[in-house]
Amino acid sequence: MTSLSLSPAVQAFEAAYAVARARSRATWALTTLGLLVLFFASSYLSDFFKITQVTLSDGSRAERWIIPAGLPRLGEYLEKTMPSLSWANLGADLGSWFWAWRTWAVLLVETILIAFMATVFGVVGGFLLSFPAARNLAPNKWILWFTRRFLEIARTVPDLVWALIFVFSFGIGPLAGVMAIALHCIGALGKLYSEANENIDMRPLDGIKAAGGTWAQQIRFGAVPQVLPNIISYTLLRFEINVRSSSIIGYVGAGGLGQEFRTAVSLQEYTDLSALFVIIFATVMLIDYGSEKLRHRFIGLGVR
Amino acid sequence: MTQRQASRPRYCSVKIPADNFHPDDTALLQARPSIEFMENYTLSLSGLGRSFGSTRAVDNVSLDIPSGQFVGVIGRSGAGKSTLLRLINRLIEPTTGKISFGDRDITALKGRDLRNWRRDCAMIFQQFNLVDRLDVLTNVLVGRLADHGFVSSMAMRFTDAERTIAIRALDRLDLAPFALQRAGTLSGGQQQRVAIARALVQNPRIMLADEPIASLDPGNATRVMEALRSINREDGLTVLVNLHTLDTAREYCHRIVAMRDGRVMFDGSALQLTDDVVRDIYGSDGLAEFNEAVTSTAARVRVPA
């Protein structure tokens, strides 16, 4: 190097910096390698590289990679679900596409109501449990442990599985659907809310404690005002997710549009499937739009 | 307990028509009795200690603080000043020793009694510890929470009498016009005065102030110290304040306690705090001259006492 003389402190820094750089480069390389191994192992296990036999147009058989072999069949399926619409006869065509619209409208309302009820229960349960489930707020480690495990179980079991269990115990109908989605929602929201709780500033809570406040008062006055915007935002997001869930949960008999999906699939009524998809897509889009407006209002981005 | 409460000083001097309030509320609003009626309880710390792992943050501290004294605790960062104050209101539990107030053993308090003790020795903090997203009035009303049940506090409901007390406390600190603003929108000095108002509505007997002026500019620092002085003089409250600035300590405190490595190194008046003692406390590592003015945050213009 040049004759630039560096002070011992700077030289020590240079050495430490080189060591830190080398260490972070090694970590990066190892992580990348690990992820690549995982990727190839999982794609192998999921038959991503499977070679399958296809029949060519001249009748001979050939070996092909499963992805290009399957894509035409996907197109075929989608084509079957397309309704026949023409400009000249649009009204009648739409009428025959959405031929069961009366039933579907009723079921759509049921679907939204299931989602709404489930969200209400989920918010109340998740909100109450999110405080004992937050590491910084839990009164003791046992309560923390138990609430966390409960929330984990509630959200790890998919709502479709909860629905199966509840249909078995409470019979076919929307009640089972509400309970299933609500339970899953408590688990999911409880986790999200508790993470919001863990990021709060603890100093206001200290101030309330020093004024003689109880644990509940510290939470109510110190924590809740801090996490409220997050809670509103997560809740609206969850409502959208719950509408999607409740639109499929009828598949196992738990009420809502899902039962029509099942009928359409099993009777191979392909155009019904696309009609139902359009209905759900439009609903979710509307709710998405509405909740975004609401959310922005709450966090103060919207026009007043 | 009830007898004691009846004789506690009140901070409202204006009478409110009694028929508007619940009987408990009118008791709250009665005029403040003069200082002579205050019981002369002494706050005693004996052999008080707290360790964090192998560090002794507070080590065998014994102090007797008579009612109405203005005590400054000085010492360099990490000397255990903050821990000492938090031991007194039991935000931190002591590992050894005993705290007593009059003949009450503070170290043994639990549950409701402990919360009532915390109400009786209000604390203000360096970072104010207000709830930024709540309005100023509600932040002050937090000082009333110790006397609230579960339901009314979860609903954030306070009586008209309590709101009156809170707004008066704010007015006393010239903050009434800001009552409905979010606390987070105020300046540091204003926030600290909101914190003092919150402490006042607790009707405390002792005021603990944990470096109340360390994050304030000189003007605001002076206003906050003057507020503490007026609370001490007019309401007869014992004030225990941690300070980084020696000249502030000399200016305001009857008594100065200096700590180093968790121990009390000096306990006396401002006059007794000589340069040699100061050098000993701060251990001015190699700094030839220790200049008090450098650490000062007090405004040069002194408000005549």
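The values are calculated or read from the model by the stated rules, or taken from the named source; none is laboratory data. The model shown is predicted, which means the values in this text are computed figures rather than measured ones. Don't worry about glycine lacking a Cβ; one is built from the backbone with ideal geometry, like all the others, and counts go over all protein chains shown.
Tallying residues that are farther than 17 Å from A:V109 by Cβ and buried (at least 19 other Cβ atoms within 10 Å of the Cβ) within the stretch A:252-272 yields 4. Which residues, counting only those in the stretch A:182-196, are touching a Lys or Arg at 6+ places or on another chain (Cβ under 9 Å) and under 14 Å from A:V227 (Cα atoms)? Correct list: A:L189, A:G190, A:K191, A:L192, A:S194.
Of all the residues in the stretch A:205-261, those that are among the polar types (S, T, N, Q), more than 14 Å from every other protein chain (Cβ to nearest Cβ) and more than 17 Å from A:Y193 (Cβ to Cβ) number 4. Filtering the stretch B:120-136 to residues that are crowded, with 24+ Cβ neighbours inside 10 Å and assigned to a helix (DSSP H, G or I) leaves only B:V136. Residues that are out of contact with any helix residue (DSSP H, G or I) (no Cβ under 8 Å at 6 or more places or on another chain) and in contact (Cβ under 8 Å) with a residue 60 or more places away in the chain were ranked within the stretch B:223-237; the one that is surrounded by the fewest Cβ atoms within 10 Å (Cβ to Cβ) is B:E226. Among residues of the stretch B:142-154 that are within 7 Å of chain A (Cβ to nearest Cβ), those with a Cβ under 9 angstrom from a residue that is surrounded by fewer than 18 Cβ atoms within 10 Å (Cβ to Cβ), sequence gap 6+ or separate chain, pair up as B:A146/B:R112; B:A146/B:N116; B:F150/A:A216; B:S153/A:A216; B:M154/A:A216.
For every residue, the table says whether it meets (1) away from chain A (no Cβ under 14 Å); (2) closer than 30 Å to B:Q272 by Cα.
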{"residue": "B:G72", "(1), (2)": "yes, yes"}
{"residue": "B:G75", "(1), (2)": "yes, yes"}
{"residue": "B:S82", "(1), (2)": "no, yes"}
{"residue": "B:T107", "(1), (2)": "yes, no"}
{"residue": "B:D120", "(1), (2)": "no, no"}
{"residue": "B:V136", "(1), (2)": "no, no"}
{"residue": "B:M156", "(1), (2)": "no, no"}
{"residue": "B:L170", "(1), (2)": "yes, no"}
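Any residue in the stretch A:187-204 that is within 30 Å of B:N116 (Cα to Cα), surrounded by 19 or more Cβ atoms within 10 Å (Cβ to Cβ) and within 14 Å of chain B (Cβ to nearest Cβ)? Checked the stretch A:187-204: at least one residue is within 30 Å of B:N116 (Cα to Cα), surrounded by 19 or more Cβ atoms within 10 Å (Cβ to Cβ) and within 14 Å of chain B (Cβ to nearest Cβ). Condition test on A:I248, is it under 21 Å from A:W97 (Cα atoms), touching a Gly at 6+ places or on another chain (Cβ under 8 Å) and of a type in the set (A, V, I, L, M)? It is true that A:I248 is under 21 Å from A:W97 (Cα atoms), touching a Gly at 6+ places or on another chain (Cβ under 8 Å) and of a type in the set (A, V, I, L, M).
The set of residues in the stretch A:233-257 that are farther than 17 Å from A:I287 by Cβ and not β-branched (V, I, T) comprises A:G250, A:Y251, A:G253, A:A254, A:G255. Close Cβ contacts (under 6 Å, 6 or more residues apart or on different chains) running from residues in the stretch A:207-231 that are of a type in the set (D, E, K, R) to residues that are crowded, with 20+ Cβ neighbours inside 10 Å comprise A:K209/A:Q218. Quick one: would you say A:L151 is more than 14 Å from chain B (Cβ to nearest Cβ) and under 18 Å from A:R244 (Cβ atoms)? Considered against the rule, which asks whether it is more than 14 Å from chain B (Cβ to nearest Cβ) and under 18 Å from A:R244 (Cβ atoms), A:L151 comes out as no.
Only one of the listed residues (A:L38, A:L30) is out of contact with any Pro (no Cβ under 7 Å at 6 or more places or on another chain), under 30 Å from A:I66 (Cα atoms), in a helix (DSSP H, G or I) and assigned by TED's automatic domain parsing to the domain that holds A:I67. That residue is A:L38. For residues that are in contact (Cβ under 8 Å) with a residue 60 or more places away in the chain and not in a loop (DSSP other than H, G, I, E, B), scanning just the stretch B:85-103, find the one that is farthest from the other protein chains (Cβ to nearest Cβ). Filtering first and then ranking leaves B:F101.
State yes or no: is B:N116 surrounded by fewer than 19 Cβ atoms within 10 Å (Cβ to Cβ), within 13 Å of chain A (Cβ to nearest Cβ), of a type in the set (S, T, N, Q) and not in a loop (DSSP other than H, G, I, E, B)? Answer is yes for this residue.
Yes or no, residue by residue, for (1) within 14 Å of chain A (Cβ to nearest Cβ); (2) crowded, with 22+ Cβ neighbours inside 10 Å; (3) in contact with a Phe, Trp or Tyr (Cβ under 9 Å, 6 or more places away or on another chain):
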position	(1), (2), (3)
B:D174	no, no, no
B:A179	no, no, no
B:Q191	yes, yes, yes
B:A209	yes, yes, yes
B:A221	no, yes, no
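Taking into account only those residues within the stretch A:186-241 that are part of a helix (DSSP H, G or I) and of a type in the set (D, E), which is farthest from B:R90 (Cα to Cα)? By that ranking, first place goes to A:E240. Among the residues of this structure, B:A214 does not count as one that is crowded, with 23+ Cβ neighbours inside 10 Å and in contact (Cβ under 8 Å) with a residue 24 or more places away in the chain.
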